[in-house]
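Reviewing the structure listed below.
The values are calculated or read from the model by the stated rules, or taken from the named source; none is laboratory data. Given the structure is predicted, the values throughout are model-derived calculations rather than measurements. Please note: Cβ atoms are built from the backbone with ideal geometry, for glycine as well, and neighbour counts cover all protein chains shown.
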Amino acid sequence: MADLSGSVTEIRAEYLALTRRKRLMDGIILIIFVALMVSGFMVADSRNAGGFWSGFHRFFDFPKEVLSEASQKVGELPGHFVQFLPSLIETINIAGASTLLGAMLAMVLSLLSTRGLARWPRLIPVFRRIMDIMRAIPEIVIALVLIFVLGGGPVPAMLAIAFHTAGALGKLFSEVNENASLKPVEGLQSVGASWAQRMWLGVIPQVAPNYLSYALMRFEINIRASAILGFVGAGGIGYELKNAMSWGQGQYGQAAAIFLLLFFSIVFFDQISSLLRERLTHGKKDTVSA
Amino acid sequence: MTMTATDAQILKAQADSLFTRKRLMSFGLPVLVLVYLTYIFFSFDIAGLAQRIKMDNARTLVADSYSYKTHVTRDNRTGDVGVAIEGERNGTYEAGTSPAWVSLGEETVIDLDDGHVVTFGADNFVSYEIPGYGLVTAQPSRSAGVQATFPEGELPEWINASKNRVAITTEAGRLSVTRNRTEVFRYFMGWELFFFTLDSPYHGLGFGEVMARALGGEASDVWMDFWTNKMWRHGDVAWALFETILMAFLGTMGAAIVALPLAFMAAKNFSPFVILRQVTRRFFDFFRGVDALIWTIVLARAFGPGPLTGALAILITDTGSFGKMFSEALENVDEKQIEGIQSTGAKPVQRHRFGVIPQVTPVLLSQILYYLESNTRSATIIGAITGGGIGLMLTQAMITQKDWEEVAYYIVLIVLMVMAMDWFSGWLRRKLIAGDESGR
């Protein structure tokens, strides 16, 4: 018994030492993290045009200004809504078309880069790298280059977002593909189906709900992206917002209308898409149980 | 176990309707997509794109991104000859100096290689010896415009001659003569003056020689000349990249710090008051719904352009996203562990620290790290709007519409930066989360 109690105290001491070491490590990591945050904040503050502390109380000035102006001319708001509706639709169309194009490209890329499904198994790493690069390029880079070549308008934004979307969705899609059952594919192969037929009839029906759910999520993101790209010269509501902002004080009624339109459409599409995604995942459960 | 005819009928009808639905789906969806894309085709006027597309721009863009040109210019009023890379002030050779293929003197002889030779003679006279075609001469003057002589025969399409202007484009280079100036362009592969500008003593030295000099005690000079390169501004670019990553880091981590306590208030199993929960959730929705674009604009008004504004814009938007995701993670925690801790007599704070936090840390960390990577991209975009980081440098280089080699350089850097952050966040995720699973 004495031996056992001795070993218990030993174990206890060891355990405590271990915890102490762990605590120490955690503490050090925490200190490094806090130091990084504070020094990073100081650097960012010093390189900013206006300081944080001097700007802090002015934070609400601009929203207040916009709101007060908008509330004075609240009667004009519906008119502005109608005025900017076409550009809002353009922004949403950019997002919709780019999501569609991107998803179609992503579908092909993901099938080509999934083990077991790929048309050319040796080229899997190549297609994976292609998707990595497509994902890494921010939309604005492609959009600005395309605006220079194609001129302003919705097409550069659409192509730029579609390009990035293809990379981002391609990765998610290929993760979905990996879980697809190969049995339908083999069945189709045994009756002599071509690769495209095997994919379209054997794989796509299995993965379509997951694809759709990811594509909807991407659509939400792309609405925001297309609004931002409008701000740097591609068409849509972002462009109108930039114009409205440049007119400055006394003209914020239009900016307020655009803010509201943008806010409500983003919230609206977020809600719709999460509702649909919920239904997609639930629908899947039903078919499994049936 | 008898299957009546009516049962079979019902089953058949069900199967039929299922098939019809499936058929409708499999044909209807592609048709819908097609209809939508057709609508987009007309609404975006894609047919008109063929007229709007500026192939010249595309060509300069592509050519500029991998090659550069050196201008040899004679001012026809003063007779001064100058040599400048890309025609920029920063790339101008000092008066009286020139690269080896230009010999200055009474007659300036410019050797464009492959037998192409341009000679600036006396009194503004210019001659261009084109192998396989012949000698072209031009005499610009104030009174008579540009008088040019060509070999006999029809003018080829790469020569463009009018009363006041002669332009010749060959594969060796370009010559343009107007009344006021005569200019020769010679194209070279690569990015000009990438390491050292002309005023640096290290310009034109080989890599080995520069290294030898650096080892011989001039390392700091060599580094300074490279770092402050006036054309490529390596120092500024490095700062801009750092600023972009800083924006992403501060924004993401700041958002996580703000969102964590708020997420407890919004989680069903931790927040007893329905109203508090609802209010917190609506706040999250609001922060997410007002897009980063709008936050950026609002914040830029208060704080001016710069990295802090970008960081705060990311922080506010992501507080909404994190709050929503964190509260969902908290709602999914396993109550058993908390009960277990409670049974040892732990106080509420201890229950949270040892019962909840270890459970949610892996989920939270992986979400935060995923956002860190994605926010590096966002910071590039936000930087272009607020005026900070590599995004700003990129837009500035694009606005000049001639520094495409710099644009190409920045694009490469941005892609490398995002990929590096992707790799780093993946590495950190594996490291931290694996550590979590093994120990705590």
Among the residues listed as A:228, A:223, the single one being closer than 30 Å to residue A:85 by Cβ, assigned to a helix (DSSP H, G or I) and at pLDDT below 90: A:228
The lone exception for residue B:372 - which of (1) closer than 30 Å to residue A:266 by Cα; (2) away from chain A (no Cβ under 12 Å); (3) in contact with a Pro (Cβ under 9 Å, 6 or more places away or on another chain) it fails: (3)
Filter result for the condition that a residue is in contact with a Gly (Cβ under 7 Å, 6 or more places away or on another chain) and not hydroxyl-bearing (Ser, Thr, Tyr), over B:122, B:95, B:58, B:84: B:84
Qualifying positions in the range B:375-419 - over 24 Å from residue B:190 (Cα atoms), crowded, with 22+ Cβ neighbours inside 10 Å and not hydrophobic (A, V, I, L, M, F, W, C): B:375, B:376, B:377, B:378, B:380, B:383, B:386, B:388, B:389
Only listed residue being out of contact with any Pro (no Cβ under 9 Å at 6 or more places or on another chain), among the aromatic types (Phe, Trp, Tyr) and assigned by TED's automatic domain parsing to the domain that holds residue A:252, chosen from A:52, A:41, A:84, A:33: A:84
Qualifying strands (runs of 3 or more DSSP E) (wholly inside the range B:99-182; at least 3 residues being surrounded by 16 or more Cβ atoms within 10 Å (Cβ to Cβ) and in contact (Cβ under 8 Å) with a residue 12 or more places away in the chain): B:117-120, B:126-130, B:134-141, B:145-149, B:165-169, B:173-178
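To keep it simple, each residue is scored yes or no on (1) more than 13 Å from every other protein chain (Cβ to nearest Cβ); (2) closer than 27 Å to residue A:74 by Cα.
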{"site": "A:186", "(1), (2)": "yes, no"}
{"site": "A:197", "(1), (2)": "yes, no"}
{"site": "A:224", "(1), (2)": "no, yes"}
{"site": "A:246", "(1), (2)": "no, yes"}
{"site": "A:254", "(1), (2)": "yes, yes"}
{"site": "A:262", "(1), (2)": "no, yes"}
{"site": "A:267", "(1), (2)": "no, yes"}
{"site": "A:275", "(1), (2)": "yes, no"}
One residue from B:109, B:117, B:136 being of a type in the set (A, V, I, L, M) and over 26 Å from residue B:192 (Cβ atoms): B:136
Residue among A:50, A:55 that alone is within 10 Å of another protein chain (Cβ to nearest Cβ), part of a helix (DSSP H, G or I) and either among the small types (Gly, Ala, Ser) or over 15 Å from residue B:311 (Cα atoms) (or both): A:55
Residues satisfying the stated conditions in the range B:387-398, i.e. within 9 Å of chain A (Cβ to nearest Cβ) and of a type outside the set (Gly, Ala, Ser): B:394, B:395, B:398
Enumerated helices (runs of 4 or more DSSP H) restricted to the range B:2-70, each holding at least 1 residues that are more than 10 Å from chain A (Cβ to nearest Cβ) and either exposed (fewer than 11 other Cβ atoms within 10 Å of the Cβ) or in contact with a Lys or Arg (Cβ under 6 Å, 6 or more places away or on another chain) (or both): B:5-43, B:49-52
Listing of helices (runs of 4 or more DSSP H) fully contained in the range B:228-305 that carry 1 or more residues being farther than 22 Å from residue B:420 by Cα and in contact (Cβ under 8 Å) with a residue 60 or more places away in the chain: B:234-266, B:292-303
Test: residue in the range B:200-210 that is touching a strand residue (DSSP E or B) at 6+ places or on another chain (Cβ under 8 Å) and either surrounded by fewer than 16 Cβ atoms within 10 Å (Cβ to Cβ) or touching a residue at least 12 places away in the same chain (Cβ under 8 Å) (or both): no
Hey, residue B:304 at pLDDT 90 or above and either over 21 Å from residue A:245 (Cα atoms) or surrounded by fewer than 21 Cβ atoms within 10 Å (Cβ to Cβ) (or both) or not: no
Helices (runs of 4 or more DSSP H) contained in the range A:107-183 and holding at least 1 residues over 22 Å from the mean Cα position of the chain (by Cα) and within 10 Å of chain B (Cβ to nearest Cβ): A:139-150
Output for the range B:258-295, where each listed residue is within 14 Å of chain A (Cβ to nearest Cβ), under 13 Å from residue B:323 (Cβ atoms) and surrounded by 14 or more Cβ atoms within 10 Å (Cβ to Cβ): B:258, B:260, B:281, B:283, B:284, B:285, B:287, B:288, B:289
Among (1) part of a helix (DSSP H, G or I); (2) within 11 Å of chain B (Cβ to nearest Cβ); (3) within 24 Å of the chain's Cα centre (by Cα), the one test that residue A:235 misses: (1)
Residue among A:262, A:276 that is within 30 Å of residue B:396 (Cβ to Cβ), touching a residue at least 40 places away in the same chain (Cβ under 8 Å) and part of a helix (DSSP H, G or I): A:262
